[in-house]
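Any read-out appearing in this document is the output of simple, stated calculations on the displayed coordinates, not a laboratory observation. Keep in mind that this is a model prediction, so the values were computed, not measured. Every residue, glycine among them, receives a Cβ derived from its backbone with ideal geometry; neighbour counts consider all protein chains shown.
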Amino acid sequence: MIVRFLILVWVGVLLASAHNGEGNNDNEDIPYLELAEPDEGYHGLIRENETLVEVRPTIRARGPLCSFLILNNKHHGEAPFEIMVIDENEARLRVRYPLNCEKRRNYKFDIAAVGCDGSYSNTVPVHITVTDVNEFAPIFSQAAYVRSVDEGKIYDEIVKVEATDRDCTPRYGDICKYEILTDRSQPFTINNEGVVRNTEPLDYEKSHNHILSVVAYDCGMMQSAPVMVTIKVNKPCRAGWKGIAERVDYAPGTGPLALFPAARLEACSSDERCPGVTRIQAAVTLQASRVGVACDRDTYTLQAQKSICGMESNTIDLLPSPGVGNEWTKSLKPDSGRDGEQMFEFDGESTSAVVPESLMKHTLGTTFSVSTWLRHAPPPDHDKHRKEHILCLADDHKMNRHHYALFVRNCRLILLLRRDFGEGDLNIFRPAEWRWKLPEVCDDEWHHYAVNVRFPNVELYVDGELYRALDGKGPEVIDDWPLHPAHGINTTLVVGACWQGTESDMKHHLHGWMAGLGVVEGEVQSPAALRCAARCREGLSLAPDLYLKSVSVEGDGASEVETLVRRVAYGDARSFPTPGRRNVHLDTTITCDNGRVIKARPAESYVMVLSPQTPTILLNGSSDAARDYAHFRAGLPVFPDLEVKVLSRDRDSLKEAETQKLDSCVVSVYPALNPDHEALALRGHSVLPASDIRATLTRDGVSLTGADTVHNYQKVLREIEYSNKKPAYYLNRVFKLTCSELNGRFTSNEYVQTLTVVHPRAAGDVHAQRPSGLADKLDAVVRDKSGEAAVAAQVPRAFAAHALHSIHSADMPSPRLLDIHHSNNNNVALVIGAVCFGAVVVLIALGIARARASRHDATSRDSRATVARHRVPANDSEMAWDDSALTITVNPMDESAPKCGVSTNGAVACDSSDESCSDSDTDRHDSSDEEDEVIQGKQHKYRNISQLEWDNSTM
């Protein structure tokens with residue numbers, strides 16, 4: 001090696017001397033390397049698995065050339081290359097053994113051309129770079145990865161895997177991608193940095209361990225061998241409640257029901273994160289967004305609450321249920337249910353109702369009260385300047401002046417009250433607008449608002465309580481001048497919007513729900529009445545008769561809080577609550593000794609209110625009553641013995657509900673009453689002021705409204721009296737009665753009462769001939785009787801004024817109307833009738849025989865005169881019958897008898913020349929005295945058939 005080194009040094013000295021002499025001597029016999037920039041030298045690239053180096057520019061030399069020489073640099077070591085001469089001036093560079101980029105990537109050495117005479121050319125540097133080949137796959141730094149996590153959490157990083165590549169260049173030696181090869185349903189993902197995280201909370205019950213197969217890719221996309229990643233799911237102690245039932249069934253009328261009787265709290269006091277517990281707070285919340293579910297305002301209407309809660313009796317309902325007399329609310333959109341007072345939806349665009357001035361005068365004065373239920377949310381466009389009117393009084397044309405209004409703007413409840421130009425000095429400011437900033441206005445929940453005005457004092461009640469701001473300040477009050485003078489201007493009162501006179505259109509529509517809008521003028525609602533109207537009788541409580549939307553308890557330890565939570569009960573004091581689901585939410589916060597606050601897992605449950613036992617409203621009584629004319633003229637009770645009962649089911653039996661109330665009864669008659677001679681009235685006028693029932697009497701019947709007891713309703717119904725001054729016009733009158741409870745939610749059976757007019761019977765009826773005074777006494781006797789005998793003896797009396805006769809009935813006795821109600825056997829009556837008929841026939845036959853005998857004698861005496869004048873055959877002398885001389889002699893007193901007769905249909909037939917026969921079924925007398933006179937006259941006009949004689953004097 002030493003010898004070789006010396007030779008190289010000598011060659012280098014020679015080349016250096018030759019180079020130094022180049023500028024001085026231009027010797028063409030010395031070889032020379034052709035290179036434009038000798039200082040930059042040659043550059044070559046070779047792949048690890050190749051042997052020929054690609055050199056730029058190509059190695060060339062001038063002059064006599066025999067070979068090339070590689071001069072190794074002592075700092076870079078021996079170069080594993082050799083130069084091959086491919087022609088006399090050009091050479092190629094190749095490796096003597098395979099190169100390894102991972103061991104050495106760069107080589108640098110010098111080359112020179114050697115002439116045949118041993119001369120050397122100049123030296124030029126050569127830079128060789130070995131390029132990488134992707135020959136190695138990535139390798140993970142660990143054979144396996146194992147991590148533990150807690151259930152129920154989302155981690156940003158569970159484990160980070162790492163792989164390397166032995167390739168020398170970034171193209172093949174860097175890791176560009178990681179991938180999970182296991183099932184895609186696994187809730188895990190990995191990024192390009194090798195970070196594994198979960199995509200959803202892990203559940204110990206579903207899987208204790210998750211095993212993942214992860215691979216890595218270099219930038220040449222060569223895949224590594226998979227590595228196993230095991231993720232263990234721990235089940236740590238998490239604070240939360242146990243023993244909470246998912247569903248609790250509540251039967252109406254059973255009183256308060258404990259919701260969590262077996263509740264148990266796991267506080268995890270042994271956890272190192274919370275070594276000790278200082279304070280535990282738990283809050284139970286009843287979640288109900290519909291007022292009909294959480295409050296009993298759906299049970300009775302605003303009118304009924306006047307008596308129940310003591311609200312002012314002159315309170316005017318501006319949102320009554322659509323119906324007769326309330327046609328102006330038909331344009332509104334009521335709730336589809338019938339569970340109580342109507343709730344109306346206002347769409348914020350077109351829904352509104354104009355209050356007729358006949359219902360309420362437009363001036364309110366300086367003392368009044370406005371109350372309503374309202375459910376409102378922020379406007380969809382979040383316009384802070386948008387006005388939404390609840391009630392508004394404005395000019396009807398020409399102007400847009402608002403006289404008074406109650407509206408919502410920017411989650412503020414605002415009352416506007418402008419003075420008229422005649423009220424006070426026009427140049428003095430006075431309060432005109434009151435603004436309350438209320439979170440309740442925009443929470444999309446039902447709330448009760450009431451504004452009591454005793455100008456200039458104004459009070460606001462929210463949910464029955466006097467509103468006081470948290471900062472102690474009152475409402476913002478804006479002063480203004482009175483309205484300027486104007487003449488000939490009418491006003492329009494609108495619910496749910498405001499009338500713009502200049503545009504002749506509604507503006508500032510309300511977007512939300514409203515119910516029970518009441519206005520009272522000259523008085524204000526009492527705080528007790530407002531609390532009653534807004535009081536909820538359904539909720540959570542720790543004590544009886546206490547109904548809250550939420551209950552909060554706290555204690556120093558888990559046992560104390562458990563005891564209190566177990567006492568939380570749900571109750572509903574209503575007899576007929578709205579059935580359905582009520583969600584219950586339980587939140588718990590634990591404060592540790594070290595100051596750490598732990599939120600326990602929330603507990604969810606719900607109360608299922610079962611359908612209440614539907615009450616049965618029964619109406620009973622005698623369905624038919626027959627009375628004569630005198631009773632109808634004097635007036636008689638329609639429901640004298642009516643019984644009203646409300647039955648409720650107790651397990652398998654029905655019992656009478658003593659405390660139940662009714663709120664409506666309707667008596668209808670069809671066709672409508674004729675006001676000329678028919679009327680309905682209440683005999684006991686004193687019963688109405690003592691009760692809460694209001695009566696309305698019309699031609700169509702009677703309407704009773706107001707929440708009151710069953711006893712009071714029954715008392716008032718029995719006092720309804722019907723009178724008819726012309727009862728002869730009618731056969732009967734039918735009245736229908738129905739009663740309801742909870743605003744029509746429960747209705748009774750349809751009770752039908754028929755009042756029959758007893759018309760007088762025919763003259764032949766023995767019972768018809770008794771005087772009316774005697775008939776009344778007999779009726780009284782019948783009413784005192786009992787059993788079947790009383791029913792059989794009660795025969796409606798009739799007057800003889802309606803007995804119909806005909807002069808043609810003289811041929812035989814008039815048929816008699818027999819009363820056979822007392823007969824036990826109809827065959828006996830038939831036998832008696834047959835015997836009587838036979839007797840009559842015999843008498844007629846005897847009369848005819850006697851008449852023939854008389855005629856025969858007269859014929860014998862005058863036979864000579866007869867033969868002289870007439871020649872009659874002998875065989876026909878006795879059989880001849882001359883009926884031309886047959887006459888009927890009547891009583892001379894009957895000369896004025898009317899020529900009337902009975903037709904086949906029972907009507908009276910009269911001669912047109914005789915006007916005295918005017919009594920028929922269609923012609924009635926309005927006075928009983930006149931009828932008696934007619935009866936007596938007819939008894940003397942007609943003679944009995946026994947008075948009829950054959951007048952044969954002319955024969």
| remark: With DSSP loop assignment and no more than 12 other C-beta atoms within 10 Å, the GluC sites (Glu not before Pro) in the range 702-766 are Glu750
| field | Neighbourhood charge, 11 Å Cβ-Cβ cut-off, centred on Thr351 and excluding it, Lys, Arg +1 and Asp, Glu -1 | value | -2
| note | So for R0 = 30 Å, FRET eff. of Leu610-Ser668 from the Cβ-Cβ r, to 0.05, ends up at 0.30
| message | Let's test the formula: R0 of 30 Å, r as the Cβ-Cβ distance of Arg147 and Thr278. What FRET efficiency results, to the nearest 0.05? | response | 0.35
| request: Could you please report the charge total around Asn191, scoring K, R as +1 and D, E as -1 over all other residues with beta-carbon less than 15 angstrom from its beta-carbon? | output: -2
| Virtual spin-label span in nm between Thr129 and Asp39, 7 Å along Cα→Cβ | 2.1 nm
| All other residues with a Cβ under 9 Å from the Cβ of Cys168 taken together, and with Lys, Arg as +1 and Asp, Glu as -1, what is their net charge? | -1
| Cross-link list Lys153/Lys599; Lys473/Lys507; Lys333/Lys507; Lys384/Lys549; Lys333/Lys661; Lys387/Lys549: which exceed 22 angstrom alpha carbon to alpha carbon? | Lys473/Lys507; Lys384/Lys549; Lys333/Lys661; Lys387/Lys549
| Check Phe188: other-chain or 5+ apart residues with amide H under 5 Å from its amide H, H built from backbone geometry? | Thr199
| field | Rounded to whole Hz, the Karplus (6.51, -1.76, 1.60) HN-Hα couplings of the range 639-645, x for glycine and proline | value | 10, x, 10, 5, 10, 10, 9
| Three principal axis lengths of the range 577-617 [C-alpha, angstrom, descending] | 65, 13, 9
| Per-pair calculated FRET efficiency, R0 = 60 Å: Arg238 and Asp641 via Cβ, rounded to 0.05 | 0.25
